[in-house]
Structures are given as C-alpha cells and as structure tokens.
Amino acid sequence: MNSNQGSNASMTLGWRMSAAPVAVLGASLIAFARLSPTAQGTIWAEDGAVFLQDALARPGILGVFAPYQGYLHVVPRFAAAFVVRLFPVDAYAVAISLLSSLITGLVALMVFHCASAISTRLVPRLAWASITIMVAPAALETQGNFANLHWYLLWLAPWLLIKQARNKPEGILLFAAAALSSLTEILTLMFVPIFLYRFRDQWLWPARAGLLLGIACQVFTTVSYPRSAPFEPANILSVVVGWFLNSSSAVVFGTSNQIALITLNFGAVPIVLAALPFFAAFLFLLFRGTAAHRGVAVVAVVASVGVWAAAVLFNFSKEFNYAEFTAAQWHEFLLGRYSVVPSMFLLVLFPLLAVALERTSAKAATSVLTVFALLQCLYFFPSFSFRQDGPVWAVGVADARAACAANQAMVAHVVATAPGNWKVDVPCAILRR
C-alpha cells in the first residue's frame, strides 16, 4: 500500500469512528421523540417492580444475572443498576426512557454495520437500520423501556450471525453483542440454524460463540428456575390469523383501532391485501434474487413467523384468540410488544427487494425504497400509547418524599407505575437525601 492509499484508509476509518457516535445519538433522539412527555416520565411494568426494585435491593454486580420468570435479562438489569447508581430518584423514569432509546440506537448502528454483509450500498443499509427505530407498533409499548429491550436484541441476533469479523477487535465486538443478546433473550436460539451458512468460516464464529454462551446460560437458568406462569392451550387458527394482524397489517394500517375497524367492516379481505406486497416481494426474491437474497429472505420470513408463534404459543390467552373474537372483542384489539419483531423482520424484504432490483432497474429500486420510507414515517407518532395516562414517576416520588419527611419512622414508600397495580417500594433513605 502506498502512502496515499494508507492516508485515505486512515481518513475513512477516522470518519467512520467520528460518525458512529453522532449516528447513535441521532437515532436515539428519534426513538425518544416517538414517546409523549407523559410516556417518557412513566415507568413501565417490570422496569419498576422487578428491575429497579432488585437494583435497589442488590447493590452487587451479580444481581444482573438474577433470573426472572425462568430467564436471564442481563441488559435490562445492568441498565437498571446503572440508572439507580447514577441518577437521582426523581429522574429514574426519564433516565430509563433515554437509556432505552440509546440502547435502541446502538442496535440500529450494529444492524447498519452488519448489513454490509448483504449490500455495500449506503441507502439499503440505512433502511434496514431504520426499522429498529421507526417500525410502526414499537412506540405503543416497546420503545423507551427496559422491559422490552430483549425484542431489539432478538432482532439484532441474525444480523450479527451473517457478519464476518474482519479483524480481532471486530470479532470481540460481535462476540460481545451476540453474548449480551442471548443473555437477555432466550429466543435467540431459533437462529442457531444460521450456523450452517459457511460453517467452516472462522470469521463468522465470534458472534456464533457469543450466542452459544448466552443460550447455554439461558437454558441452565430456565431448567433451574422454571417459569411459574401457566399458559392456556393455543388455538392454532388464532395464531395464524394473529400473525397477519400483527405483522403486515401492523405495518400497513399502523394502529390497533384502524385494524379493528377494518376487520369489523370488511372482514379478512383488507388483512390479506395488506400481506400481498410482502408475499410478492418474497416470491420475487426466491425466484429472481441471488442465493444471498434468497437466504436472507427466507431467514426474515421464518423469523417473523417463528417469533410471533413462539411468543404467542407460550403466552396464549383470550386476547390472542382472534379466530373466536366477537364484535366487542375486536374493539379491544391491541397491537403490542408481540407485534414489533414480526413486523421488523417482514420489513426487511423491501430494502432487500430494492437491492435485488438494482441489477436491472434503478428506477424500480428507488420506487420500492420510497414506499418503504413512507411506511416507516406514516405512523411515527402513535395515536395511542400504553403509558399515555401515567402515572408520572416524578409526581409519585414527590408525594413519597413528603410522606417520608413527615414520618421519620417510615422505612419505604410505594410509588405507582404503569400498568394497573405495578409499583416500586422506594426506600425513604433515598428519598430523604
């Protein structure tokens, strides 16, 4: 390599290193902006009653490996410990929303990085990365809280597994990202069949080794501390119907209310029509794409169906029994956390289709990416959020602080979180500081 080539390589590396933090910050702020001020200031579900509560009670680092409902949740527990130690108690809710958005931004950057294994073009890689932040159902329940970070790490897992490490530092990065993903979400084990792709390629094994490490820990945990919550026998037809409702329909129609009204007024026809563009893209990629395009398309569709089926089969309840819904039940239909990853993997098909079309028609590729961008932006601001009604954490903390100040014998005070009766027992020692 001559001096000019070395200088250009150094400049390129320097640009990438400086652009990465800016990209993560920008993506994080976009994710944070999807949440209303009330949602930003409200603690959701396990974030308070499990992760914050345990972080307050367990100051040691080993607390991040504590099981909950049969699984490890290393990244949320570590993030909760970080919040408790570095932020004032009044700011816990906003800190959680910000830190969750930052982690989501990091996932988006890793997707962008790993997508170079499919295409070196900037726009398709940005499109795949944007799914992490912009997918329609995410802001309803999933974005901005620790309890649902595992879905984003599940989305990241297959991207890590297809990326070759170009050197040892990148290998360490891929190993660490895969290990953290699988130490947080047991369903990453569904991507083990990807190991068959270029099985002998040693530079694909750092991420694979990290994934296997986390999966082994998850399996040990779930055997040692099995889930306590029972689940109902699933209605298989409802699982099938539910996938259409919570993937293609979630992306095309955007809101729970819209899907419910369309189904009540027109039946299954609009739901099937919403799925047709995705099936058309999939079939085109199977028959006209390269071997790489076919492989990615199959992984994306199988992952979309598989994640939905696994989540619902192991957590089936009447709210998922769509095949037997009455009119009244359709009015209660909700997109939620189970809708996000199936939608994300299905959206992979559009940028992939654009990459395949570039070989024959740049105009067609641009059209596909334009439709994709419109779908991404159309439902950026949700009309409904599971946290839109509070309770605002800072207000609850102020009340708890006043109660602790008025009664010096009080040891702790309850601060309400969402949903329903979830709460955190905050020590008065913290509130009196």
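The values are calculated or read from the model by the stated rules, or taken from the named source; none is laboratory data. Fair warning: this is a prediction, and the values are worked out from it, not measured in the lab. FYI the Cβ positions are ideal-geometry reconstructions off the backbone, even for glycines, and counts take in every protein chain you see.
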**Message:** I'd like the full set of residues that are surrounded by 17 or more Cβ atoms within 10 Å (Cβ to Cβ) and either of a type in the set (A, V, I, L, M, F, W, C) or in a loop (DSSP other than H, G, I, E, B) (or both), limited to the stretch 276-291.
**Reply:** 278, 281, 282, 284, 285, 289
**Prompt:** Any idea which residue in the stretch 340-362 is surrounded by the most Cβ atoms within 10 Å (Cβ to Cβ), counting only those that are modelled with pLDDT under 95 and not hydroxyl-bearing (Ser, Thr, Tyr)?
**Reply:** 358
**Message:** Criterion first (in contact with a Cys (Cβ under 8 Å, 6 or more places away or on another chain), touching a residue at least 24 places away in the same chain (Cβ under 8 Å) and surrounded by fewer than 24 Cβ atoms within 10 Å (Cβ to Cβ)) does residue 186 satisfy it?
**Reply:** no
**Request:** Could you list all residues from the stretch 21-65 that are part of a helix (DSSP H, G or I), in contact (Cβ under 8 Å) with a residue 12 or more places away in the chain and among the β-branched types (Val, Ile, Thr)?
**Result:** 24, 30, 38, 50, 61, 64
**Prompt:** Would you say residue 143 is among the polar types (S, T, N, Q) and more than 24 Å from residue 222 (Cα to Cα)?
**Reply:** yes
**Request:** Can you give me the ranges of the helices (runs of 4 or more DSSP H) entirely in the stretch 299-396 with at least 1 residues that are free of Cβ contacts under 8 Å to residues at least 24 places away in the same chain?
**Result:** 327-330, 349-357, 362-378
**Asked** Out of curiosity, is residue 78 at pLDDT 95 or above, surrounded by 11 or more Cβ atoms within 10 Å (Cβ to Cβ) and touching a Gly at 6+ places or on another chain (Cβ under 8 Å)?
**Response** no
**Request:** Go through the stretch 223-239 and give me each residue that's modelled with pLDDT of 90 or more and either charged (D, E, K, R) or within 16 Å of residue 341 (Cα to Cα) (or both).
**Result:** 239
**Asked** Among the residues of the stretch 233-243, is there at least one that is assigned by TED's automatic domain parsing to the domain that holds residue 335, small (Gly, Ala, Ser), within 25 Å of residue 163 (Cβ to Cβ) and surrounded by 17 or more Cβ atoms within 10 Å (Cβ to Cβ)?
**Response** no
**Request:** Working only within the stretch 309-340, note down all residues that are in contact with a Ser or Thr (Cβ under 7 Å, 6 or more places away or on another chain) and of a type in the set (A, V, I, L, M, F, W, C).
**Result:** 320, 323, 330, 333, 334, 335, 340
**Message:** Any residue that is over 14 Å from residue 146 (Cβ atoms), outside the structural domain of residue 337 (by TED's automatic domain parsing) and in a helix (DSSP H, G or I) - is there at least one of those in the stretch 67-84?
**Reply:** no
**Asked** Could you list, in sequence order, the residues of the stretch 397-416 that are touching an Asp or Glu at 6+ places or on another chain (Cβ under 7 Å) and either touching a residue at least 40 places away in the same chain (Cβ under 8 Å) or surrounded by 16 or more Cβ atoms within 10 Å (Cβ to Cβ) (or both)?
**Response** 397, 412
**Fill in**
Scanning the stretch 114-164 for residues that are among the charged types (D, E, K, R) and not in a helix (DSSP H, G or I) gives 121, 163
